[in-house]
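Participant: Got a structure for you, questions after.
The values are calculated or read from the model by the stated rules, or taken from the named source; none is laboratory data. Note that this is a predicted model, so its numbers are computed, not measured. Heads up, the Cβs are rebuilt from the backbone with ideal geometry, glycines too, and the neighbour counts pull from every protein chain shown. Quick note on the areas: whole protein, heavy atoms, side chains included, nothing else; ligands and nucleic acids left out. Shrake-Rupley method; radii C 1.70, N 1.55, O 1.52, S 1.80 Å.
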Amino acid sequence: MTADMTHDVVVVGAGVAGSLIARRLTTEGLRVLVLEAGPATPSTFEGYLQHVQTFYAASGKGAESAWPPAIGAPQPDARDLRSDNGYFVQRGPLKYGSTYTRAQGGSTLHWLGVSLRMLPEDFELRSRYGRGRDWPLRYQALEPWYRQAEREIGVAADVADQTHHGIEFADGYDYPMRRIPPSYSDIVLAAAVDGMSVRLGEDEIRLKVRSYPAARNSIPRDGYRPVGAVDIRPDGLGRDLYLGERCAGNTSCTPICPIQAKYNAGKSLARANPAYLTVLARAVASKLHVDPVSGEVRGVEYQRYEDTSSPRHTVHTAHGRIYVLAAHAVENAKLMLASGLGGASGMLGRNLMDHPSIYGWGLAKAPLGPYRGPLSTSGIDDMRGGAFRARHAAFRVDIGNDGWRPTTGAPDTTVVDAVQTRGLYGADLRRYLESTLARQVRFSLNAEQLPSAANRVTIDPRYLDAMGNPRPVISYDIDDYTLAGMAEATRVYREVFSRAGIEDHTDPEHSTWFPEVPYAGGTMRYHGMGHFAGTHGMGNDPESSVVDVDQRSWEHRNLFLVGAGSFPTMGTSNPTLTMAALALRTADRLIAEMGRSSHRQQPYRREQGRSRDLSSGGYTEDRPPEGLGDRL
Amino acid sequence: MARREDVFISLSAGLTGYSPVRLIGTGMCDQYLAELGKVLSDGMVDEFLSAYARPPADGGCSVLKVLRDARWGPVARRVMILWYCGTWTALPESWHAVHGASSADTDHVVSAEAYQAGLQWVAAGAHPAGARQQGFGAWALAPEGV
Ligand SMILES: Cc1cc2nc3c(=O)[nH]c(=O)nc-3n(C[C@H](O)[C@H](O)[C@H](O)COP(=O)(O)OP(=O)(O)OC[C@H]3O[C@@H](n4cnc5c(N)ncnc54)[C@H](O)[C@@H]3O)c2cc1C
Ligand code: SF4
């Protein structure tokens, strides 16, 4: 085991949370080492295109299909859910249905990019509705960082569409880019649905199809320049490609945007100050060393591997003044537990949440033109807030632009069904497919899940990965509050379908396999949204939370745990924008604190001339920085 | 005798409902014939094509004759899926038991080009996901033919 150099901040994980923090801290002249467990994602555009080819040739085209994992950094895969022999050890009673990616860039490599803010009432669920918990900060307190996050990750939306449910924006503010044009199917559905009302208990709720804010490049406002594809060549210099500065409708945001019009965390790393940044990919943080007296972290042990297809590795330790765990809600908890840092409150790893979701799919009367454009551009989000939250979960209706792909594996399965089951061929086959595929529509109904101490990530020495690190052991259930919300969501989507003249074809017996949960004498099939949250929740009280409002560990004061793991509750918005806002807020706290206690540090290497902000060199180090190699 | 490419295209047009010109335009004919050869053997592909090329004794439809044939029907249906999806679907065990096994007969995407050339995207009025982007905002327009 060898010790290496000292950094100001050691960040574990090059996902969105870690990359945003690294960018902000290096810009302020703090020396940041980022340890990334997965393979380095190529910083050249040509290298990135290899992943596009991998996707084309993959037989399952799921979220992970463009991002094969390394043996040393295994990841969950949706295809393992049914057989139950994947990376997660599922303790039940229900299966946790979501996945993430362990490669440089993290899950944003394959995320969809929907970037809704949380509602003001989401931060106060306990005081307003007697459910869940309150956050230690309110919407207004986070609002400035929402604005910054929308700029950092590049969100396209119009404020005019988004001011409802009490969401307020600062005066004169609008998103950096105009909204993504709604799809033809959004427009047709809106004409049928807008203004209809549904009942949720006492509440009568009027529906409206609304455009989703998205971290996807669109027409810029006020001098903002969209950040397109990263292309940093081996000479360390970035090339201005102009590629990806607008979404071009590739319709494959998950698993890969071929032109990087969609945000991924690599863009933030590429825009960090390279003179102050070192990224070590293929470096799996495996243990934190803690001072037994002060509780402060003294080092991060990590395993470095060369070959992605082998568990062979060497062990090193990185040192810094501050440590930031940004390895994902599950991996953060796992790393703490593996280091014997479960903590006195017993809260670490608990309160794991997701947005358990139900699919509804059908055939419209006339063509809606699916399989074109960003996979979702609008939704119906009038059921995200209201008095009914005292009784059952809030929910949101995503409208898909990708036909039945996520529900049945269409269009391929539609073809197979037409040929094999319906016995069609020739002109009849072609006519049938033309008429059917163009009319496919699907909704995804995403319900809020409340924190529950029994839903948790643990480790067990019997279950280790190839490099000897623990695999996450997951206990998961969905309580009646959420199930009742899912049942209401099912009722609502049926009313909407019927209003819009959509023939319901929802049939979980003939679809992709999804886990089931018994409810009210029947069963519901649900899928995960990839929205892991809650394993190191923030609060004002060290007895019932793991981190404080700055995401600082109560027990280890130079340690920060960042990401959706810090969420006390989730609301109904996709978590990444809120996670980004919290990460930027934490970075600002660190800058204020470290700036006070030290002078500006020497950079790792000379600052290079930079043609423009985003085209900076030195983005990823496969080898340790010059002059430091002997100490690694 | 006609070139096997011509026979294959003619049969494929009858099976898929797309004209020979359209099928040739995908540029996939040679790759698909080669793929069939790998899965079945070149000799068997020739038998398959000649089963189609011989006019039926009753003067009926040659495509239907192939589809109804116990040996060639399952192959023909997989050829349709091949053109529409760019994937090969393994023949059933029962077929192998009678007509011989092949280790290359597995479910698979034939190639990255095959995926992109799938007629399913044309039929949907769309484009292959992740390729042949239609341009900013194209998704807001009505699909072709509406
Ligand atoms: C299919 C899908 C679609 C999604 N769509 C949306 C959406 O539309 N909107 C939205 O808001 N969210 C969406 N999400 C969720 C979103 O992707 C995640 O919330 C977000 O990426 C999490 O960011 P993170 O930085 O916390 O973790 P990650 O992105 O998972 O990054 C963590 C990083 O840490 C690394 N790491 C892990 N363990 C270690 C270790 N031991 N040592 C060193 N490094 C380590 C990982 O390799 C990874 O690079 C989606 C998720 C999925 C699966
Ligand atoms: S629609 Fe296409 S271009 Fe636009 S973000 Fe998605 S994958 Fe990228």
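Participant: If a residue has to be touching an Asp or Glu at 6+ places or on another chain (Cβ under 7 Å) and part of a helix (DSSP H, G or I) to count, how many in region B:121-146 make the cut? Spell out the reasoning first.
Facilitator: Within region B:121-146, the subset touching an Asp or Glu at 6+ places or on another chain (Cβ under 7 Å) is B:123, B:125.
Add one more test, that the residue is part of a helix (DSSP H, G or I), and what stays is B:123.
Residues that pass the stated criteria total 1.
Every residue, every condition in (1) surrounded by fewer than 24 Cβ atoms within 10 Å (Cβ to Cβ); (2) out of contact with any strand residue (DSSP E or B) (no Cβ under 9 Å at 6 or more places or on another chain); (3) within 30 Å of A:ARG126 (Cβ to Cβ); (4) within 13 Å of chain B (Cβ to nearest Cβ), yes or no:
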{"residue": "A:GLY362", "(1), (2), (3), (4)": "yes, no, no, no"}
{"residue": "A:ARG391", "(1), (2), (3), (4)": "yes, no, yes, no"}
{"residue": "A:ASP402", "(1), (2), (3), (4)": "no, no, no, yes"}
{"residue": "A:TYR425", "(1), (2), (3), (4)": "yes, yes, no, yes"}
{"residue": "A:ARG439", "(1), (2), (3), (4)": "yes, no, no, yes"}
{"residue": "A:GLN449", "(1), (2), (3), (4)": "no, no, yes, no"}
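Participant: So for region B:89-107 (the condition being in contact with an Asp or Glu (Cβ under 8 Å, 6 or more places away or on another chain), more than 16 Å from ligand 1 (Cβ to nearest atom), modelled with pLDDT of 95 or more and at the interface with chain A (Cβ under 9 Å from one of its Cβ atoms)), does at least one residue qualify?
Facilitator: Yes, the conditions are met somewhere in region B:89-107.
Participant: Further question on the same structure: May I ask you to verify whether A:ALA191 is surrounded by fewer than 13 Cβ atoms within 10 Å (Cβ to Cβ) and within 14 Å of another protein chain (Cβ to nearest Cβ)? Can you show your working first?
Facilitator: Values: surrounded by fewer than 13 Cβ atoms within 10 Å (Cβ to Cβ): yes; within 14 Å of another protein chain (Cβ to nearest Cβ): yes.
It is true that A:ALA191 is surrounded by fewer than 13 Cβ atoms within 10 Å (Cβ to Cβ) and within 14 Å of another protein chain (Cβ to nearest Cβ).
Participant: Being buried (at least 22 other Cβ atoms within 10 Å of the Cβ) and more than 8 Å from chain A (Cβ to nearest Cβ), is that true of even one residue in region B:54-61? Walk me through it before giving the result.
Facilitator: We begin by selecting, within region B:54-61, every residue buried (at least 22 other Cβ atoms within 10 Å of the Cβ); these are none.
Checked against the condition, which is being buried (at least 22 other Cβ atoms within 10 Å of the Cβ) and more than 8 Å from chain A (Cβ to nearest Cβ), region B:54-61 yields no hits at all.
Participant: Please determine, by comparing only the residues of region A:219-235 that are within 17 Å of A:ALA157 (Cβ to Cβ) and in a loop (DSSP other than H, G, I, E, B), which one is farthest from ligand 1 (Cβ to nearest atom). Spell out the reasoning first.
Facilitator: Quick first cut of region A:219-235, residues within 17 Å of A:ALA157 (Cβ to Cβ) only: A:219-222, A:224, A:226-227.
Checking which are in a loop (DSSP other than H, G, I, E, B) leaves us with A:219, A:221-222, A:224, A:226-227.
Numbers: A:ILE219: 21, A:ARG221: 22, A:ASP222: 24, A:TYR224: 21, A:PRO226: 18, A:VAL227: 17 Å.
Taking the candidates together, the pick is A:ASP222.
Participant: Let me ask something else about it. Filter the strands (runs of 3 or more DSSP E) completely within region A:1-112 down to those with at least 3 residues that are more than 11 Å from ligand 1 (Cβ to nearest atom) and open to solvent by less than 10 Å² (accessible area, probe 1.4 Å). So that I can check it myself, show each step before the final result.
Facilitator: Numbers: elements: A:2-12, A:32-35, A:89-93.
Strands (runs of 3 or more DSSP E) meeting the threshold: A:2-12.
Participant: So A:GLY340 passes all but one of these: (1) touching a residue at least 60 places away in the same chain (Cβ under 8 Å); (2) open to solvent by 10 Å² or more (accessible area, probe 1.4 Å); (3) within 16 Å of ligand 1 (Cβ to nearest atom); (4) more than 14 Å from chain B (Cβ to nearest Cβ). Which condition number does it fail?
Facilitator: (1)
Participant: Another question, then. Out of region A:117-129, which residues are touching a strand residue (DSSP E or B) at 6+ places or on another chain (Cβ under 8 Å) and either open to solvent by less than 10 Å² (accessible area, probe 1.4 Å) or not in a helix (DSSP H, G or I) (or both)? Outline the logic, then answer.
Facilitator: Initially, region A:117-129 is screened for residues touching a strand residue (DSSP E or B) at 6+ places or on another chain (Cβ under 8 Å), giving A:123-127.
Those that are touching a strand residue (DSSP E or B) at 6+ places or on another chain (Cβ under 8 Å) and either open to solvent by less than 10 Å² (accessible area, probe 1.4 Å) or not in a helix (DSSP H, G or I) (or both): A:PHE123, A:GLU124, A:LEU125.
Participant: Please pick out the residue among B:VAL63, B:VAL45, B:VAL75 that is out of contact with any Lys or Arg (no Cβ under 9 Å at 6 or more places or on another chain) and touching a residue at least 40 places away in the same chain (Cβ under 8 Å).
Facilitator: On the way: B:VAL45 fails: out of contact with any Lys or Arg (no Cβ under 9 Å at 6 or more places or on another chain); B:VAL75 fails: touching a residue at least 40 places away in the same chain (Cβ under 8 Å).
The conditions single out B:VAL63.
Participant: Which members of region B:111-120 meet the condition of being more than 7 Å from every other protein chain (Cβ to nearest Cβ) and buried (at least 23 other Cβ atoms within 10 Å of the Cβ)? Walk me through it before giving the result.
Facilitator: We begin by selecting, within region B:111-120, every residue more than 7 Å from every other protein chain (Cβ to nearest Cβ); these are B:113-114, B:117-119.
B:ALA114, B:ALA117, B:GLY118, B:LEU119 - these are the residues of region B:111-120 that are more than 7 Å from every other protein chain (Cβ to nearest Cβ) and buried (at least 23 other Cβ atoms within 10 Å of the Cβ).
Participant: Which of the residues that make up region A:238-270 are within 16 Å of ligand 1 (Cβ to nearest atom) and among the charged types (D, E, K, R)?
Facilitator: A:LYS262, A:LYS267 - these are the residues of region A:238-270 that are within 16 Å of ligand 1 (Cβ to nearest atom) and among the charged types (D, E, K, R).
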